[in-house]
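What follows is one structure encoded as structure tokens, with my remarks underneath.
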Number of protein chains: 2
Amino acid sequence: MAGKFEMLMRGIGITFNNVNLLKQAFTHASYRNEHRGEAMQDNERLEFLGDAVLELLISEYLYKRYPQLPEGELTRMRAAIVCEPSLVRFATKLSFDKYVRLGRGEELSGGRKRPALLADVFEAFMGALYLDQGLESVKEFLDTHILPDIDNVHVLLADYKTMLQELVQRDGIGPLSYRILEERGPAHHREFVAQVMIDGKPYGEGIGRSKKEAEQRAAQATITMLTQKENPTS
Amino acid sequence: MAGKFEMLMRGIGITFNNVNLLKQAFTHASYRNEHRGEAMQDNERLEFLGDAVLELLISEYLYKRYPQLPEGELTRMRAAIVCEPSLVRFATKLSFDKYVRLGRGEELSGGRKRPALLADVFEAFMGALYLDQGLESVKEFLDTHILPDIDNVHVLLADYKTMLQELVQRDGIGPLSYRILEERGPAHHREFVAQVMIDGKPYGEGIGRSKKEAEQRAAQATITMLTQKENPTS
């Protein structure tokens with residue numbers, strides 16, 4: 001059994017001081033129930049803690065990454081990241097499902113692939129790593145394994161263009177279009193600058209790693225401008 | 001204006017590296033709206049971050065303080081601590097209301113004492129302190145100013161005795177009573193050990209700084225025993 005968790009630690013590049021914490025993070029209640037003789041805790045309390053660790057680090061990431069976004073948008077983006085489907089994707093990407101310790105009944109009924117179970121394991125792992133090595137280590141872990149993924153999740157940004165389209169229609173101030181002001185940076189780190197045009201006048205700008213991302217950000221900036229009833233940039 | 005925040009820092013025993021972060025935490029949107037010419041941010045984004053900082057530290061505190069409590073109970077206790085009335089109490093205890101920067105209209109309508117506003121300021125302060133000095137500093141701040149208060153908030157524990165009474169009645173297994181097994185420790189750090197008795201048999205034990213607290217914990221332990229359908233200790 002030790003070999004299995006050694007393998008996991010090698011895979012993620014982290015050596016736990018207290019391997020029992022790591023094991024606990026992967027121990028489902030159904031497994032503990034079948035091993036009542038042994039001193040063993042399941043991952044539920046670690047999940048409670050890890051949920052809060054993840055929430056803080058994602059909040060900090062968004063706070064710093066989007067210095068202009070209002071609180072409401074940050075909250076919406078955080079909810080889109082710290083949700084079961086995302087956590088399942090992270091857990092699966094890291095092959096966490098292979099390491100879960102399940103009771104027989106749960107195993108037979110396909111528990112190993114159950115989304116809620118995988119999301120819980122990911123959160124419990126966050127909690128275990130935090131207790132074992134502190135917040136900075138969890139931050140590094142997320143920087144390495146999770147945030148690059150989040151940055152590419154366009155779903156986070158996907159509804160700004162639609163929102164703006166609706167706003168422009170409602171206020172009868174169209175037509176709405178986008179233009180690319182600039183392409184810059186080396187090929188492996190290309191950046192685009194997009195600008196929203198409404199009725200021929202320039203509105204918000206946005207920067208992104210793709211044209212679409214830049215346009216989404218430009219749409220977002222424009223929504224902020226319009227809803228704060230400020231004047232267009234010129 | 002600097003003098004006011006110098007005073008605040010002296011009061012809480014913390015010197016901010018970036019005093020602007022501290023000011024931002026105390027800047028209500030209504031104040032910023034009246035000073036549009038000046039480069040200034042309000043506290044809303046800091047509140048987003050501070051909420052998550054507080055949530056993590058309270059989670060960690062409860063996780064370590066109550067090693068036996070199941071996740072559901074920890075979640076319930078956390079919600080009882082990180083709620084508007086508690087945050088208002090913390091903010092008021094620290095005289096934060098005196099330092100809030102408010103717009104004229106908000107001031108005239110009594111905004112300075114509005115609970116939601118004070119709770120937001122407390123969370124924003126958590127966020128500012130975290131950005132300025134890191135998690136350990138916020139932890140120390142809570143240890144000094146907030147956690148002693150929380151430990152005395154019996155409301156957190158108040159419903160275990162009632163819950164147990166209801167459980168015993170429902171299952172018809174009474175009568176229910178409590179006994180104090182031990183009083184120990186020096187006068188300034190007295191501890192009590194209480195035990196639940198049901199139908200003359202000993203059930204869960206609890207330790208607390210008052211008889212009532214010890215009984216609440218004993219009731220809690222007993223609820224766990226009864227609801228997990230395990231046998232009484234003997």
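Residue pairs whose Cβ atoms lie under 8 Å apart, separated by 6 or more positions or on different chains, with the first residue in the range A:114-128 and within 13 Å of A:Phe141 (Cβ to Cβ) and the second of a type in the set (S, T, N, Q), are A:Ala128/A:Gln24.
Within the range A:46-68, is even one residue of a type outside the set (A, V, I, L, M) and more than 14 Å from chain B (Cβ to nearest Cβ)?
For the range A:46-68, residues of a type outside the set (A, V, I, L, M) and more than 14 Å from chain B (Cβ to nearest Cβ): absent.
If I filter the range A:93-102 for residues that are assigned to a helix (DSSP H, G or I), more than 14 Å from chain B (Cβ to nearest Cβ) and exposed (fewer than 15 other Cβ atoms within 10 Å of the Cβ), do I get at least one hit? Scanning the range A:93-102, I find at least one residue that is assigned to a helix (DSSP H, G or I), more than 14 Å from chain B (Cβ to nearest Cβ) and exposed (fewer than 15 other Cβ atoms within 10 Å of the Cβ), so the answer is yes. Condition check: open to solvent by 40 Å² or more (accessible area, probe 1.4 Å) and assigned by TED's automatic domain parsing to the domain that holds A:Gly105. Does A:Asn17 satisfy that? Yes; evaluated as a whole, the condition is true for this residue. Given the criteria more than 9 Å from every other protein chain (Cβ to nearest Cβ) and at pLDDT below 95, does A:Ala25 qualify? For A:Ala25, the condition - more than 9 Å from every other protein chain (Cβ to nearest Cβ) and at pLDDT below 95 - is not met. Scanning the range B:70-81 for residues that are touching a residue at least 12 places away in the same chain (Cβ under 8 Å), facing chain A (nearest Cβ under 10 Å) and open to solvent by 10 Å² or more (accessible area, probe 1.4 Å) yields B:Pro70, B:Glu73, B:Arg78.
Of the numbered criteria (1) assigned to a helix (DSSP H, G or I); (2) free of Cβ contacts under 8 Å to residues at least 60 places away in the same chain; (3) open to solvent by 20 Å² or more (accessible area, probe 1.4 Å); (4) more than 9 Å from chain B (Cβ to nearest Cβ), the one A:Leu87 fails is (3).
Pairs meeting the criteria (first residue in the range A:210-221 and buried (at least 24 other Cβ atoms within 10 Å of the Cβ), second residue among the β-branched types (Val, Ile, Thr) and in a helix (DSSP H, G or I), beta carbons under 9 Å, at least 6 apart or on different chains) are A:Ala219/A:Thr162.
The values are calculated or read from the model by the stated rules, or taken from the named source; none is laboratory data. Worth saying up front: this structure is predicted, and the values here are computed from it rather than measured. Virtual Cβ from ideal backbone geometry, glycine too; neighbours counted across all protein chains shown. Just so you know, the surface numbers come from the protein's heavy atoms only, side chains and all, with ligands and any DNA or RNA stripped out. Shrake-Rupley method; radii C 1.70, N 1.55, O 1.52, S 1.80 Å.
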